[in-house]
Amino acid sequence: MEERQRTNIRTGAAQLDALLGGGVSPAEVTEFCGVPGVGKTQLGMQLCVNVQMPTVLGGLGAHAIYIGA
């Protein structure tokens, strides 16, 4: 089975995208952890928005589900 080429989801933070190798890979599980108040929830919600944006606007034109604990 041939794997489709996937575009990474950009976070909107150039340094974080560079650290992640171009953004968050939709084909992998990525865990963000840290102390309360550093923006983990905000980042997760922003990634959900970014993945749903049309490709002409830099998104993936796909679907997202956010499950918070």
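The numbers here are math on the coordinates, done by the rules we state, and not lab data. Please read all numbers here as calculations on a predicted model, not as lab measurements. Ideal geometry is used to build each Cβ from the backbone, glycine not excepted, and the neighbour counts take in all protein chains shown.
Overview of values
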{"read-out": "Nitroxide proxy distance, nm - points 7 Å out along Cα→Cβ at residue 52 and residue 30", "value": "1.9 nm"}
{"read-out": "Alpha-carbon Rg/Rh ratio, for the chain, with Rh computed the Kirkwood way", "value": "0.97"}
{"read-out": "Loop sites in the chain: trypsin sites (Lys or Arg not before Pro), DSSP, at most 13 other Cβ within 10 Å", "value": "4, 6"}
{"read-out": "Value at 222 nm in deg cm²/dmol, rounded to 500, when DSSP H runs of n ≥ 4 in the chain each add -39,500 (n - 2.57)", "value": "-8000 deg cm²/dmol"}
